[in-house]
1. Here's a check for you: in segment 34-67, which residue that is of a type in the set (D, E, K, R) and either in contact with a Lys or Arg (Cβ under 8 Å, 6 or more places away or on another chain) or part of a loop (DSSP other than H, G, I, E, B) (or both) is surrounded by the most Cβ atoms within 10 Å (Cβ to Cβ)?
2. For segment 82-94, which positions are in contact with a Cys (Cβ under 7 Å, 6 or more places away or on another chain) and surrounded by fewer than 20 Cβ atoms within 10 Å (Cβ to Cβ)?
3. If the requirement is being surrounded by fewer than 19 Cβ atoms within 10 Å (Cβ to Cβ), of a type in the set (Val, Ile, Thr) and within 19 Å of Cys148 (Cα to Cα), which of these qualifies: Thr310, Thr327, Thr304?
4. Run down Thr147, Thr152 and say which single residue is buried (at least 24 other Cβ atoms within 10 Å of the Cβ), touching an Asp or Glu at 6+ places or on another chain (Cβ under 8 Å), closer than 20 Å to Ile307 by Cα and among the hydroxyl-bearing types (Ser, Thr, Tyr).
5. Residue under question is Gly36, and the condition is that it be farther than 20 Å from Leu9 by Cβ, within 18 Å of the chain's Cα centre (by Cα) and not aromatic (Phe, Trp, Tyr); does it hold?
6. Report every pair of residues separated by at least 6 positions or lying on different chains whose Cβ atoms are under 9 Å apart, first residue within segment 310-326 and in contact (Cβ under 8 Å) with a residue 24 or more places away in the chain, second among the hydroxyl-bearing types (Ser, Thr, Tyr).
7. Can you confirm whether segment 69-81 contains a residue that is among the small types (Gly, Ala, Ser) and surrounded by 22 or more Cβ atoms within 10 Å (Cβ to Cβ)?
8. For segment 157-194: of the residues being charged (D, E, K, R) and over 18 Å from the mean Cα position of the chain (by Cα), which is surrounded by the most Cβ atoms within 10 Å (Cβ to Cβ)?
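Values in this text are rule-based calculations from the coordinates and carry no lab data. For clarity, every value in this text was computed on a predicted model and none was experimentally measured. Glycine gets a Cβ as well: all are built from the backbone with ideal geometry, and neighbour counts include every protein chain shown.
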Amino acid sequence: MKAAVVKALGEPLVIEERPDPVPGPGQVRVRVEASGLCHTDIHAAHGDWPVQPAPPFVPGHEGVGIVEELGDGVAHLSVGQRVAVPWLGWACGHCEHCLTGWETLCEKQVNTGYGVDGGYAEKMLAHADFAQPVPDGIDPREAAPLTCAGVTTYKALKVAGVGPADLVAISGIGGLGHLAVQYGKIACATVAAIDISDEKLQLAADLGADILIDARKEDPAAVLQSHGGAHAALALAVNEETFATVFAGLRRGGKLVMVALPADGIIQIPVFSTVLGGTSVIGSIVGTRQDLAEVFQLHAAGRTRVIYETRPLTSVNESIDEVLKGTVKARIVFEM
């Protein structure tokens, strides 16, 4: 099988031939149909974060494909079934976090495309309990971005407690942001979309955003405050300066939900106004298996649109460059 491999951190990926992986007990082998390019994959390949993956490895945590072989003990999946393999590749199931519905916080978790080989390959292994069935009728190229970009923003809005009549700011309209706009509208919130691209602001408008804020021309915090301040703000742009900007646009009692992970990102929070205003700063990391099931359910019901463009896996390095330059409209999906 062909795979895009990180041979050394910070170096271009290498397309190479590898033997088909063999599923162990509790695992399945998936013939990958589509795999989304997430900024996290770039961080992994570049070794940007404090806990670094160990080369050689195959990135990718938005892999969707067909189960073609079952390991011993797998009874709830079947050969020929379509599944998605998300960032949360495995969690222990026994710790406090797992037992209270927060498996994404499990300290023993294994992450797809980081701790084990991921979806930038024609075939991959997955722990059967964490391979999410994809409902019939969902195109695998659409299911791939939903597997991370979708579930991550869906969960962030849940964490923020966004509801009807709330004002929610979405900072960064791209692979994650274009889906966040739609989940905000599903929650019946007023959505303010913030970006520095005419094309992405237009995309947000097309998807139902109520307020468009061009951060090149206006101060997002001032605009949000002119509308009474945001009840919640999702920081999706990989730039810590935008975190502080949308934090300043919160109303009293508002919540900043940090999602993007800029390398070495640090923000300063003013203690006085935070205390007096009762504002919150929250981290939100991907979503649980149940969250992903709900994301797929919404998409199967026609409630969301996935904006993507397809590329061959051989274009992986050029595609990464485009993401870093900010020229991709929403999501790149590799077709195998």
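1. The qualifying residue surrounded by the most Cβ atoms within 10 Å (Cβ to Cβ) is Glu62.
2. Listed by number, the list holds a single entry, Cys92.
3. Just one listed residue meets the conditions, Thr310.
4. Every option except Thr147 fails the conditions.
5. Yes; evaluated as a whole, the condition is true for this residue.
6. Matching pairs, first to second residue: Arg311/Ser319; Leu313/Ser35; Leu313/Tyr120; Val316/Tyr120; Gly326/Ser197.
7. no
8. The extreme case among them is Asp166.
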